[in-house]
Structure formats: structure tokens, C-alpha cells
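First the structure, in the form of C-alpha cells, and then the observations on it.
The values are calculated or read from the model by the stated rules, or taken from the named source; none is laboratory data. Predicted model only: the values in this text are computed from it and were never measured. Don't worry about glycine lacking a Cβ; one is built from the backbone with ideal geometry, like all the others, and counts go over all protein chains shown. Just the protein is used for accessible areas: all its heavy atoms, side chains included, with ligands, DNA and RNA removed. Shrake-Rupley method; radii C 1.70, N 1.55, O 1.52, S 1.80 Å.
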Amino acid sequence: MAKSAKKAPAKKSGKSVKRVYFFGNGKAEGGATMKDLLGGKGANLADMTVVPLPVPPGFTITTDTCGDYNDLGQKLPKGLMDEVKLNIAKTEKATGKKFGDSKNPLLLACRSGAKVSMPGMMDTVLNIGLNDTVVEGLAKLSGNERFAYDSYRRLINMFGDTVMGVDHEHFEHELSAVKKAKGVALDTELETADLKEVVERYKHVYKTHVGSPFPMDGLKQLEAAIEAVFKSWMGDRAIKYRELNEIRGLRGTAVNVQSMVFGNMGDDSATGVAFTRDPSTGENIFYGEFLVNAQGEDVVAGIRTPLECNSEMGKWSQKSWKELLAVKKTLEERYKDVQDFEFTIEKGKLYMLQTRNGKRTAAAAVKIAVDMVKEKLIDEKTAILRVDPASLDQLLHPTFNPKAKKDVIAKGLPASPGAAVGKIAFTAEDAEKRFAAGETNLILVRRETEPADIGGMHVAKGILTSTGGMTSHAAVVARGMGRPCVAGAGALQIDSKAKTMIVNGKTYGDGDVLSLDGSLGEVYDGAVETQKAELSGPFGILMKWADKYRTLKVRTNGDTPTDAKVARGFGAEGIGLCRTEHMFFDVQRIHHMREMILASTIEARKEALLKLLPYQREDFIGLFQEMKGLPVTIRLLDPPLHEFLPHNEKDQAELARSLGKSLEEVKNRVQQLHEANPMLGHRGDRLAVTYPEILEMQVRAIIEAACESKKAGVKVLPEIMIPLAGTKAELDYLKKYTVATANAVMKEKKVKVDYMYGTMIEVPRAAVTADELASTAEFFSFGTNDLTQMTFGYSRDDAGSFLPEYVKKEILPRDPFQSLDVDGVGKLMAMAVKLGRGVKKDLKCGICGEHGGDPASVEFCHNVGLNYVSCSPYRVPIARLAAAHAALKASGSKGYSTK
Ligand code: PEP
Ligand code: MG
């Protein structure tokens, strides 16, 4: 887990700190392994220099220097500029040019480069060193006056804009005026005299807004540019980017100062960017674009439309095209991965300006990893580590076409991945009715969902709520069902009675169409085009390799045979959690459930339970059949009973009528079951302690189903699991009923089945006294949703109102309901495993909280010695890959990141 703690600043006293690293002409002081200190770009420039690839000489100022700069209240550390001057001298020697010399000028580029790439987030200044006399010299030397003045006006613009904060618009305004007077549309159509005028106008803009003339001293320009890069690290844009991408623990950006090469020296010059393979599909083709007679920022800024390298570069220059194809091969052989690189061709000579591991889609990541093994560039273990497990989400669900137009109307939590499009339904009942009438594309929109909404959630294509967090009811159920869900989209005002949803002043009704991206947590207006998941080919190969190296088993949380089937398809090795209460929400069953809850005598309660028994038995038979001998962990009833009762008067009256009771009686019971804090109230095994007959019915259903399945030739491995236990005495008490019921059923059926009796570890006391619990329990399953809730004392249903702030302010590294709090909850888990296994050496331990599908948590589970993780069906492949990562990392294979 990434720590938010920052590294100590570079030592400022005693031995002086080396802040600047030179590279050029085949030699470099830095290297590929120094990304922490030199940033990704600096480390790779040094490395490419020694390959050798044609890298313009220059030097890198360390990331620690940026940290010191900001620690010193935005002041350059003492001695830095002396070191910079020394390195300018080295660069002069390597290039044979001189900084500030009008006869043979060296010009410099100044670029940011953090350890983790942050594209477009920080500043760049090119052509540093130009002034009114050097520009003349450059014109003579290059024999291209137009080019010299074009470069000069770019410097004034870039320096004015990024270093001094003069709005780019002011420069643009002058450029447009000159173009208009000349009657041309493109910058390239301007002639030398025009560009000279642009330079004068830009200098005027600069002076007007800065208050002093544009600096003629190259060293001053460079110093200010270095400062600007350091400052941009703490700019709003960069801070936001780091926040969104969870980039933490870095002190600053490096600065790369490099001799300029020019893609704008004429029609034999060009600049471009390329990937060594297609980053969207993974196809092994050169994938790049270039612009003739242009500087780097023209390609990035999209001022002119670039040409495609594959089809156009050869026509422009066979020599350059062949060189680039050779570079593709060299880069991949060197870095064993797809590279994203920038190049410039100056008067026919190719230069490399940067290379880094290319960002890619999940589909491309999988294909590239598998292809590179076939090409013998990497081995299977490296291929596994190349694919970010969490990114598999993109492959398992339908997704939105990345090219489709999207109008984001609200953002919430990415509670359950996938893309969904449909018309709004404001109640579960309405969704079910409309579905029955043939309307199959529906989005259930609720303030929050409740257990009674399950039917509507089931028929909906997607679920959207305005409150609730990642472990809210909506999120948990949606993930289990594989329904895309965006939860806690606070900007939505939902009125289910009026059937309206208001957002940004626009009102949506139940005929309006929405699109949800449950992987991003985004809500779009209207229907966005989707595309299907692709699970065969390279994906299948990669998953086979993952299975070969992982030791942790992966089960699924599933309540229905359909869940079980989907999960088996994804490679689940059993059911780690069947939440039996989910089986009670069907219209028929909930009626009997309510009858049971409203029963005033134990006999009446038993009678109602008897009506539920066959339903449960059939469900369990279905699960056993799908799981074909794999373990099936069935948890006994967990939620507080009030969740099953209707809360509005109309439904209460209907219930009273159907049960032959008075409305008063129903209301009283609802009142009686009301709790101030239901999460800490009458739920979990406390229900079984007070109503053992509920446990008896459920155990009977499990064992009857097991006996029948066994008779039918299906191998069964039921594991009966007690929720929320905190003491050994509770487990002992409930075990008596469990064993007695199971024995009675086996006797009746004349079949013997093996089953296990175990407990969830969900309350801190259970973890702390796990040795005692293990003398009764035959297995442990960590319910980390509740364990997190109770360890932190954060209500899992209400944490949405403050947890995002905690994460934003780095008080917590991440939402502990999404990714396990290793230092707190994890410590309890480690303690419980150790204590438990101290009593029963081979005690089976698993996890069934939502964390079971989170890659960082899976890694922790591997390291703490769990036997399995269990997660929702669609996260099973993610957990399989994450388990392989964990095993490989623990055995010393190097982790990998494309960041
Ligand atoms: C848990 O608490 O982690 C768990 C799996 O149970 P539930 O989410 O149903 O409370
Ligand atoms: Mg729980």
C-alpha cells in the first residue's frame, strides 16, 4: 500500500548534495534505475544516451531539488545555479555550441519530468537562450531566417505564458492580427518579415503585462524556467492530477534541460510522437504521428493535423522511416515493453527526446503481455505483472465506446463496474412492472436502495443512487448481480413520488434515458453507445498463467445459481459467502418472512418458517449443482428483522389484511423492531440466539439440500457460517442446535454428509479472542465490511458524508471500505489468523468482505496466509490475477507499473 508520508528533504548541511546529472554523447551520470531522483524522463534520457540512441545532450535537476525548492518557500537552493552553469559548459562541449553566443548559439529546452508521468500537467519552455542578437546568429548559422524568428516568437510566447503568467490569449490576439493583415490562415504561411513583426508585437505584450522587457540574458531565462517548472509541481492542475490518480509520496518533479533540436528548420525537418505498438488494441504496429516543419508543441496542441507515420512517413523520407522502425525494435528490446516516445528530425537527422512505458487500455495490456511472451521478450511471470488486475474490469463488462460523445451530468462512486443504458424507473416496483411489460432497458434511480428493492435491481440494467457509499446496500447487491451501479451521486435530487430527478437545473422524468459508467462513477445524459466484453484469446491465456502462479484460492460471493454459474465461468473455486437473506426478497418468500416476523408465538413462527424451508432447500440444491463439489459457504440470517417489513402505511395495511391482523398490530411490531443503531443491534447471530428456530430451519434446509444432492450423485461441501459472533459462548450455544438439526436430518434422510461449522470474524472481539473461537469454529471468514465498520467506528452506510474528505486531505490513504486498512483492520486479521491457527493448525481462513476483490487487499490476504478470497462474480478474474501478482511479488518478482 502506498504511504502518504513524504521522504526526508535532501541533506542541506555537511557534504553537498549532487543536484544535477549530465547526459550526452554516449555517456550519462544517471541511469534507468534512478527514476526516484531523476524522474521517469530524466532516467530514460540518461539510459537512451548510453544505448546509444541519438539523444540531444543535456542534464537533469533532481526531484529532491524541487522538494527543497518548495520546502524553502519557493526559493532555489544555494549553489544550484552554479551546478547548472557547470553542466551548461558540459553541454556546450558535447554539442560544440555556446550558450549566449550569437555566432554558434546553443539553445536549451526546459521540461518537467516527475517519477510518475503526469502528461500536460506541468510546464515546458523551449528555445531558451534566444534574444535579439542570438536570433540573428541562429538565422545565419541555419541559413534560415524564417526559422530563427519563428523560434524566437515561440520562446517569448511560452516564456511569457508559462513562466510569467501572461495569458496565451494576448499573444494569440497579436498573431491573428498579423495573419489577418497578411490574409493567411496558417502560421506556416507567414514569412520572415511577418514573424519579425510578430516578435515585436509579442515583446510589447510581454512588457505591457509583466512590467519589464523580455529578458535578453539566457541564463536568467533558464533560471526562471527552472523555477516555473518547480512551481508548476504545486500548481492546482498538478495537485488535482495527483489526487485523482492517487499519486502520493513524491517530493517533486525533476527538470530536464536539453540542447534544442529543431523540427521546424524546413521541409526536411519534422517532429512526432509514437508508440511501439497500438495502445488501444495492442496490435504490433508502429503507431505514431508526425508534422513536417514543426516544433513539438504543435503536435500536442493539435494546431495542425499530424500525418500518420505508417502511411505517410515513408513517402516523406524513406531514411527517417527506416530509422524509426529500427528505433521501435531497439526500444522494445531494451525496455521489454511498449514505449511511448517523442522524436524530432532536424535536417534529416533523427533525435530522441523522450521514451517511457506507454499507457494502454486493458485489452491492449493483455494482448501485449501475451504477445511479448510469444516473441520471447518477456517471461510469463513478467507478463502477469504487466497487467493491472483492477483494469480487467474494463474487459469483463460491456463498456462505452471510448469514441462516443458523452455529456456528464453527475459523478458518484464507481460502485459496480460496467456500462448501462436505459430509461429511468424511480421505484423497484415500477421497474418490475415495466420489465414484465417488455421494457428491458431500465435504470433504477433511487435516493438509496433497500433490501425490498432487490427485484427492481434485478430487472434493471443499472442502478443509480444519490446517497450511500461503496458498501451501501445498492453497491453490494449491484456488484453481486453484476449490475453497473453509480452510488452516492450527491448532485441528484430524487423525488420518487413526483417521479423526478433534478440535476444542474434540468428535470428528468421516468421516460428519460440515462447512461451509467459504473467503472468511472459517471452519469451521462441520453444513450451512449456500448461495446461487448471479449474474454477469449489473450485474456484466457493470461488467466491460465495467473492460475499457475497463485496459491490463494478465489471463491465468489453469490446467492443464486445464476451468480454461481457466472462466477464458475470466471473461474471461481467455490462460494465464499451466500447471504441467505437475499433469498427472502422474492414476493412470495417475503410474505412468509413477514408472517414469521409478525408471529406472536413460537409455534406460529415455526409454521411460517416451515413455509420458507422448501424455497431455501431448492436454492441450496441449485448452488450445490452449479458448484459440483466445490465448497459452498452458507451464512445464516444476518440483517435486522425490520429490514423485511414494509415502512409505509399502505403496504403495512396490505400486509395486515393478508395475514388477518390489524394494522395496529403490524405498526406496533415495526415500532418494536425499530432500533437506534441497527448495525449494532439485533442482527447476525444475535437473531439465532434469540430465535434458534430460524437457525434450525436454515440448517435443515442446507442439510436436506446436501443429502438430496448427494443422493442425486452431486458431490457437496457445505460450510455453515455464523455471522457477527463475538464470543466462544455464542458459537458453542449455536453449535448445539446446528449439530442436533444436522444429525436429525441425516438420520431422516439416511444419508451422511460432511459439513463444516464456522464463523465470520466481523467484530473486533472475535479477532482478539480468535483462539477461543477457533476451539469451536472449524473455519474463519473475515467479514471485513463489518470489521472495518466496527474497527474504525465508521457506519458503513453513512461514511459517504465524511470519508471522501479524509481521503482528499490524506488523513486516510484511501477509503477503508474499498481497500483494506492494513495497519488497523489488517492487524486484527493477522492476529486472528495467528491465534486461530495456534489452536487449529490447519484452520481454513478466508475473506468475504468487499475487499476480497480489491487487488491491494488481495495482496495483503496472500501475505497474511489466508486460504482464499471471495468476491462478487465479476471480480473473480481480478482476484485471480491479483493473487498471482501477490504470489510473484512475495517470491521476489519485480512489480510493474505503467504509471
Ligand atoms: C462483511 O461484513 O464483510 C460481510 C461480508 O457481511 P455483510 O456485508 O453482509 O454484512
Ligand atoms: Mg457483515
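How high is the relative contact order of region 800-869, in percent, counting Cα pairs under 8 Å that sit 6 or more residues apart? This gives 32 percent for region 800-869.
The lysine pair tally for region 75-176, using Cα distances under 22 Å and a gap of 8 or more places or different chains, is 14. Of the residues LEU377, THR467, ALA884, the one whose Cα sits farthest towards the positive end of the charge dipole of the chain is LEU377 (charges of +1 on Lys and Arg Cβ, -1 on Asp and Glu Cβ, taken about the Cα centre).
Couplings for region 796-813, taken from phi via the Karplus curve 6.51 cos²θ - 1.76 cosθ + 1.60 with θ = phi - 60°, read 5, 8, 10, 5, x, 7, 10, 4, x, 5, 4, 6, 4, 7, 6, 6, 10, x Hz in order; Gly and Pro are left as x. Placing one equal scatterer on every Cα of region 439-508 and applying the Debye formula, the log10 ratio I(q)/I(0) at q = 0.14, 0.26 Å⁻¹ is -0.38, -1.20. Of the two radii for region 545-609, the radius of gyration is 1.26 times the Kirkwood radius, both from the alpha carbons; that is the Rg over Rh value. Principal semi-axes of the equivalent ellipsoid, √(5λ) from the alpha carbon gyration tensor of region 774-899, are 24, 21, 13 Å from largest down.
The smallest convex shape that holds all Cα atoms of region 467-545, its convex hull, gives 134 Å³ per residue. Per-residue Karplus couplings for region 397-410, computed as 6.51 cos²θ - 1.76 cosθ + 1.60 with θ equal to phi - 60°, are listed in order as 10, x, 10, 7, 4, x, 8, 5, 6, 10, 10, 6, 9, 7 Hz, Gly and Pro entered as x.
State, to one decimal in nm², a quarter of the convex hull surface area for the C-alpha atoms of the chain, i.e. the direction-averaged projected area.
Details: hull surface 168.0 nm².
With the hull built on Cα positions only, its mean projection is 42.0 nm².
The long axis of helix 663-673 is offset from the longest Cα principal axis of the chain by roughly 60 degrees. Assuming charge only on the beta carbon of Lys and Arg (+1) and of Asp and Glu (-1), the dipole of the chain about its Cα centre is about 2480 debye to the nearest 20.
Per the Debye calculation on region 389-432 with a single equal scatterer at every Cα and no solvent contribution, log₁₀ I(q)/I(0) for q = 0.18, 0.19, 0.25 Å⁻¹ amounts to -0.79, -0.86, -1.15. As a rough guide to protection, the peptides 97-103, 855-861, 449-455 ranked by mean Cβ packing within 10 Å, highest first, stand as 855-861, 449-455, 97-103.
Highest mean first, what order results for 619-625, 573-579 on Cβ atoms within 10 Å?
573-579, 619-625
Highest average first, the peptides 876-887, 784-795 ordered by how many other beta carbon atoms sit within 10 Å of their residues are 876-887, 784-795.
Using a 1.4 Å probe on the protein chains only, how many percent of the accessible area of the chain belongs to carbon and sulfur? Result for the chain: 52 percent of the exposed heavy-atom area is carbon or sulfur.
Taking a ≥ b ≥ c as the square roots of the eigenvalues of the Cα gyration tensor of region 618-716, is the shape rounded (a/c under 1.5), prolate (a/b larger than b/c) or oblate?
Judged from the Cα gyration tensor, region 618-716 comes out prolate (a/c at least 1.5, a/b above b/c).
Pairs of Lys residues in region 803-853 are counted when their Cα atoms are under 30 angstrom apart and they lie 8 or more places apart or on different chains; the count is 6. Under 1.5 on a/c is rounded, so check that first for region 255-395, then, if it is not, pick prolate when a/b is larger than b/c and oblate when it is not; a ≥ b ≥ c are the square roots of the alpha carbon gyration tensor eigenvalues. Cα axes put region 255-395 in the prolate bin.
Placing +1 on each Lys and Arg Cβ and -1 on each Asp and Glu Cβ, with no other charges, gives region 149-269 a dipole about its Cα centre of roughly 460 debye.
Note that region 753-899 presents 36 Å² accessible area per residue, ligands and nucleic acids not counted, probe 1.4 Å.
Checking the table LYS405/LYS532; LYS319/LYS359; LYS611/LYS752; LYS544/LYS710; LYS315/LYS347 against a 20 Å threshold on Cα-Cα, which pairs fail? LYS319/LYS359; LYS611/LYS752; LYS544/LYS710, as the Cα separations exceed 20 Å there.
With a ≥ b ≥ c the root eigenvalues of the C-alpha gyration tensor of region 485-618, is it rounded (a/c under 1.5), prolate (a/b larger than b/c) or oblate? Oblate. Each Lys and Arg Cβ is given +1 and each Asp and Glu Cβ -1; about its Cα centre, region 691-745 then shows a dipole of about 220 debye.
The orientation-averaged projected area of the convex hull spanned by the Cα atoms of region 93-235 comes to 9.4 nm². Directionally averaged projected area (region 349-456, Cα convex hull): 12.3 nm². Computed from Cα atoms, the angle from the helix 692-711 axis to the main principal axis of the chain rounds to 80 degrees.
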